[in-house]
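The values are calculated or read from the model by the stated rules, or taken from the named source; none is laboratory data. The structure presented is a predicted model; accordingly, all values stated were derived computationally and were not measured. Cβ sites come from the backbone with ideal geometry, for glycine too, and all protein chains shown count toward neighbours. Only protein heavy atoms, including side chains, enter the accessible area calculation; ligands, DNA and RNA are left aside. Shrake-Rupley method; radii C 1.70, N 1.55, O 1.52, S 1.80 Å.
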Amino acid sequence: MRAYTPKDDVQAKAYYTDRYYVAPQVPKSPVEDDAVFAADLEAIKAKFEIKEAYIQVEQMVIYINANDIYGVLEFMRDTLEYTQLSELSAIDWLAKDGTFEIFYQMLSMTKRKRVRIKYFIKKGQAVDSVEKLFRSADWSEREMYDMFGIEANGHPFMKRILMPYDWQGHPLLKTYPLEGDEFAAWYEVDKIYGKEAREAIGPEIRDTARVDRYDSERFARLGFEVPKGTEITGNEERNPQDYQEDGGVFLIKKYDKESSTVVDDPQR
């Protein structure tokens with residue numbers, strides 16, 4: 001049994017630690033412990049302001065000012081031989097202090113070293129695009145905009161990349177419902193049939209734990225269970241177990257577009 005934790009003064013705690021799990025920090029070590037990282041950090045310090053730097057999980061982490069990002073990455077690419085931008089994205093800390101943490105994962109093949117560049121921005125603040133430095137930033141910056149709503153100034157095509165262009169909301173924000181909001185529940189119905197069909201069809205079921213007994217392969221076909229991928233002949237022996245449906249005929253609903261009504265679709 002889990003140990004009891006007193007709930008006294010629970011409202012005095014930080015909001016985000018009560019609502020979201022905060023992973024324990026991996027141990028950090030000083031940059032001076034690695035000669036290559038120490039030399040790279042000194043070179044960056046000579047041109048840009050460094051707010052914090054340390055080594056974590058065998059890579060150097062550097063915090064900079066947001067408006068220095070283009071110059072820092074250009075310097076790392078052209079001078080320090082970090083020629084690959086393998087990843088960039090954001091972390092939602094809005095509930096904690098109203099900020100996003102932006103990070104850029106840099107790789108040097110010649111040094112066999114990785115450096116993570118980080119900075120913070122406020123909600124609604126845009127970042128500077130680095131697409132002209134690294135083509136890999138093209139889709140990554142679009143994904144960051146799509147999932148978090150963070151725009152990249154100077155990007156050649158700042159549009160959604162995963163969700164439809166007309167989607168409302170940004171799914172990786174911690175305030176976004178896990179199964180989507182009202183807009184998400186009605187999106188496909190509105191798109192395919194129009195809002196006038198809402199009452200007849202009903203909202204989309206977005207429960208990821210739901211098992212569809214009438215899936216396309218019928219491997220969980222109620223009353224006539226067969227292994228996945230089995231060819232259905234229609235002569236399968238019915239499971240003797242009693243089910244709620246009567247007579248071995250299971251009814252599912254389908255929408256008749258011509259009559260704008262929902263009708264029964266018997267499945268045997």
*Quick one: how many Å² of TRP167 are accessible to a 1.4 Å probe, rounded to 10?*
30 Å²
*Between the alpha-carbon centers of the range 146-198 and the range 64-128, tell me the distance in whole angstrom.*
26 Å
*Label ILE91 and ILE121 with points 7 Å out from Cα along Cα→Cβ: what is the distance between them in nm?*
1.7 nm
*Estimated inter-spin distance, GLU101 and ALA38, nm [label 7 Å along Cα→Cβ]*: 2.7 nm
*Taking the highest mean first, how do the peptides 197-207, 56-66 order by number of other beta carbon atoms within 10 angstrom per residue?*
56-66, 197-207
*Between the DSSP loop rule and a limit of at most 12 other Cβ atoms within 10 Å, which trypsin sites (Lys or Arg not before Pro) in the range 141-170 are left?*
LYS159
_Set LYS28/LYS174; LYS45/LYS118; LYS122/LYS174; LYS51/LYS122 screened for pairs whose C-alpha atoms are more than 20 Å apart_ = LYS28/LYS174
*So how strong a dipole does the range 57-167 carry about its Cα centre when Lys and Arg Cβ are +1 and Asp and Glu Cβ are -1, to the nearest 20 debye?*
260 debye
*When all protein chains stay in place, what accessible area (Å², nearest 10, 1.4 Å probe) is found for HIS170?*
40 Å²
*Of the peptides 119-125, 145-151, how do they stack up when ordered by the mean number of other Cβ atoms within 10 Å, highest first?*
145-151, 119-125
*Using only the Cα atoms of the range 113-153, each taken as one equal point scatterer with no solvent, compute I(q) by the Debye sum, divide by I(0), and report log10 of the ratio at q = 0.13 Å⁻¹.*
-0.29
